[in-house]
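Chemist: First the structure, then my questions, so here it is.
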Amino acid sequence: MTSLRTQGLSKTFGGVTAVDDVTIEIPDGQFVCLLGPSGCGKTTLLRLVAGLEIPTAGHVLLDGVDQSGIPAHRRGFGMVFQSLALFPHLTVAENIAYPLRIRGETRATCSARVDELLDLVKLPDVQDRRVHQLSGGQRQRVAIARALAIEPTLFLLDEPLSALDTKLREHMQIELRLLQQKLGITTIVVTHDQREAMTMADLVVVMDRGRILQAAPPIDIYRNPADSFVADFIGTSNLVTCRRVDADAVEIFGRTVAVPDARAHNIAVGAEGVLSIRPEDVALSATLDDGDFEGVVEFIRDLGASVEISVAVSGLTILSVSTPRDRPSVDVGQRVGITFHTGRAALTPP
Ligand code: ATP
């Protein structure tokens with residue numbers, strides 16, 4: 001059992017507050033992704049948890065035990081960095097066995113554990129190769145195996161897949177998730193890729209300027225973003241300024257649309273907010289009367305598996321996405337009818 005809690009954790013470098021009063025609870029066995037734009041403090045938060053940075057304020061607690069004063073190498077965590085930091089002069093087996101050798105394990109124990117770990121990360125028959133004789137994906141697996149060698153209580157990874165090309169990266173995301181589920185190890189991954197976070201995480205922690213904006217399961221964040229920053233960061237969203245006119249209605253583009261009250265996010269009746277409408281909830285029609293609003297098609301992007309159509313509505317560009325089967329037969333420059341399926345839209349503060 002390994003649960004992690006940070007309590008009022010802050011880190012300041014000179015005048016820069018990299019992590020600002022972060023309190024979060026991570027239950028045992030969860031896969032957590034720290035997600036946010038460059039410079040938002042993800043890496044610093046991970047390094048504070050790891051013990052590689054000393055907090056300016058606050059605490060890291062592991063199963064309720066304050067980790068202050070415990071150096072990184074005594075915390076028993078497994079770590080993988082973007083650079084991987086594998087030893088080029090050692091073989092794959094020697095790299096993986098390294099943390100075990102440091103602990104004074106016998107040659108026989110190390111050898112058995114290396115076999116087990118290579119099997120676990122699906123990398124047989126490369127024990128004797130040097131790191132430069134491996135592909136990027138294989139190197140990644142070696143770094144993961146090395147981090148897992150000590151059976152860590154917590155698994156921490158900083159942008160572990162960012163050096164890989166898109167296809168391999170997506171494959172490794174699934175592999176990493178399956179591995180974590182098999183081991184049941186509490187894991188924290190830093191990423192700036194929202195798709196990666198949505199693929200792997202039980203809990204996505206969205207950060208901006210050192211603070212946590214929202215921590216929730218991926219689909220909850222997608223459907224109920226805490227604010228328009230999160231809505232725009234997770235997936236694509238049409239952010240439309242609106243005014244709440246009723247318990248369950250808002251006005252957009254001069255017309256009233258229904259929005260379930262539960263999604264009202266503390267916007268008072270009469271106050272302004274932002275309605276976040278996902279592109280898959282925007283339907284277009286060549287017949288103007290079929291839509292509640294009107295717009296003009298600006299651009300059509302046919303991606304094969306999906307079709308994205310941008311439409312200008314009262315000076316705003318609205319994105320609609322559909323499958324090729326549901327693609328409306330419209331052309332650039334054409335006036336179209338638009339229906340916003342607002343039943344799943346989220347209302348957030350301006
Ligand atoms: P990225 O995705 O670009 O890696 P990040 O979200 O991981 O970014 P951090 O690396 O944690 O962000 O940095 C947060 C802020 O703290 C940035 O403004 C950064 O410049 C600053 N910072 C981080 N480490 C140091 C340091 N050792 N000295 C000074 N400033 C630092």
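Chemist: Listed residues Val19, Val49, Val60; which is of a type in the set (Val, Ile, Thr) and away from the ligand (no atom under 14 Å from the Cβ)? Lay out the reasoning, then the answer.
Modeler: On the way: Val19 fails: away from the ligand (no atom under 14 Å from the Cβ); Val49 fails: away from the ligand (no atom under 14 Å from the Cβ).
Just a single option satisfies the conditions, and that option is Val60.
Chemist: Given the structure, is Val126 open to solvent by less than 60 Å² (accessible area, probe 1.4 Å), under 20 Å from Leu157 (Cα atoms) and among the β-branched types (Val, Ile, Thr)?
Modeler: Numbers: open to solvent by less than 60 Å² (accessible area, probe 1.4 Å): yes; under 20 Å from Leu157 (Cα atoms): no; among the β-branched types (Val, Ile, Thr): yes.
For Val126, the condition - open to solvent by less than 60 Å² (accessible area, probe 1.4 Å), under 20 Å from Leu157 (Cα atoms) and among the β-branched types (Val, Ile, Thr) - is not met.
Chemist: Pick from the range 2-16 the residues that are more than 8 Å from the ligand (Cβ to nearest atom) and not in a strand (DSSP E or B): which of them is surrounded by the most Cβ atoms within 10 Å (Cβ to Cβ)?
Modeler: Thr2
Chemist: Next up: Taking the range 1-36, which residues are more than 18 Å from Asp66 (Cα to Cα) and touching a helix residue (DSSP H, G or I) at 6+ places or on another chain (Cβ under 7 Å)? So that I can check it myself, show each step before the final result.
Modeler: First, pick out the residues of the range 1-36 that are more than 18 Å from Asp66 (Cα to Cα): 12-20, 29-36.
Correct list: Ala18, Val19, Phe31, Cys33, Leu34, Leu35, Gly36.
Chemist: Now for a separate question. Would you check which residues across the range 190-218 are in contact with a Pro (Cβ under 7 Å, 6 or more places away or on another chain) and either of a type in the set (A, V, I, L, M, F, W, C) or closer than 19 Å to Arg141 by Cβ (or both) and list them?
Modeler: Hits for the range 190-218 are Ala197, Met198, Ala201, Leu203, Val204.
Chemist: Taking the range 46-71 as the region of interest, how many residues are modelled with pLDDT under 90 and surrounded by 15 or more Cβ atoms within 10 Å (Cβ to Cβ)?
Modeler: Within the range 46-71, residues that are modelled with pLDDT under 90 and surrounded by 15 or more Cβ atoms within 10 Å (Cβ to Cβ) number 0.
Chemist: Moving on to the next point. Would you say Thr187 is within 18 Å of Val274 (Cβ to Cβ), of a type outside the set (A, V, I, L, M) and more than 15 Å from the ligand (Cβ to nearest atom)? So that I can check it myself, show each step before the final result.
Modeler: Numbers: within 18 Å of Val274 (Cβ to Cβ): no; of a type outside the set (A, V, I, L, M): yes; more than 15 Å from the ligand (Cβ to nearest atom): yes.
So Thr187 fails the test.
Chemist: Of (1) assigned by TED's automatic domain parsing to the domain that holds Arg335; (2) under 30 Å from Gly184 (Cβ atoms), Val206 satisfies all except one. Which?
Modeler: Here Val206 clears every test but (1).
Chemist: Just checking, does the range 264-286 include any residue being touching a helix residue (DSSP H, G or I) at 6+ places or on another chain (Cβ under 9 Å), open to solvent by 80 Å² or more (accessible area, probe 1.4 Å), of a type outside the set (A, V, I, L, M) and not in a helix (DSSP H, G or I)?
Modeler: No, that holds for no residue.
Chemist: Identify the residue in the range 22-45 that is crowded, with 16+ Cβ neighbours inside 10 Å and more than 25 Å from Ser83 (Cα to Cα) and, among all such residues, is farthest from the ligand (Cβ to nearest atom). It would help to see each step written out before you state the result.
Modeler: Filtering the range 22-45 for residues crowded, with 16+ Cβ neighbours inside 10 Å gives 22, 24, 26, 29-36, 40-45.
After this cut, where a residue has to be more than 25 Å from Ser83 (Cα to Cα) as well, the list is 22, 24, 26, 29.
On the way: Val22: 11, Ile24: 15, Ile26: 18, Gly29: 25 Å.
Once the filter is applied, the top-ranked residue is Gly29.
Chemist: Does the range 73-94 hold any residues that are under 29 Å from the mean Cα position of the chain (by Cα) and either at positive phi or surrounded by 14 or more Cβ atoms within 10 Å (Cβ to Cβ) (or both), and which are they?
Modeler: Arg75, Gly76, Phe77, Gly78, Met79, Val80, Phe81, Gln82, Leu84, Ala85, Leu86
Chemist: Which of the residues belonging to the range 313-329 are open to solvent by less than 90 Å² (accessible area, probe 1.4 Å) and of a type in the set (Ser, Thr, Tyr)?
Modeler: Listed by number, the residues that qualify are Thr317, Ser320, Ser322, Thr323.
Chemist: Considering only the range 152-163, I want to know if a residue exists there that is surrounded by fewer than 16 Cβ atoms within 10 Å (Cβ to Cβ) and either touching a Phe, Trp or Tyr at 6+ places or on another chain (Cβ under 9 Å) or not in a loop (DSSP other than H, G, I, E, B) (or both).
Modeler: From the range 152-163, those surrounded by fewer than 16 Cβ atoms within 10 Å (Cβ to Cβ) are 162-163; that's our starting set.
Retained after the next criterion (residues that are either touching a Phe, Trp or Tyr at 6+ places or on another chain (Cβ under 9 Å) or not in a loop (DSSP other than H, G, I, E, B) (or both)): none.
Checking the range 152-163: not a single residue is surrounded by fewer than 16 Cβ atoms within 10 Å (Cβ to Cβ) and either touching a Phe, Trp or Tyr at 6+ places or on another chain (Cβ under 9 Å) or not in a loop (DSSP other than H, G, I, E, B) (or both).
Chemist: May I ask you to list the residues in the range 199-245 that are acidic (Asp, Glu), modelled with pLDDT under 95 and not in a loop (DSSP other than H, G, I, E, B)?
Modeler: Scanning the range 199-245 gives Asp220, Asp232.
The values are calculated or read from the model by the stated rules, or taken from the named source; none is laboratory data. Fair warning: this is a prediction, and the values are worked out from it, not measured in the lab. Heads up, the Cβs are rebuilt from the backbone with ideal geometry, glycines too, and the neighbour counts pull from every protein chain shown. Calculation scope for accessible area: heavy atoms of the full protein, side chains included, ligands and nucleic acids excluded. Shrake-Rupley method; radii C 1.70, N 1.55, O 1.52, S 1.80 Å.
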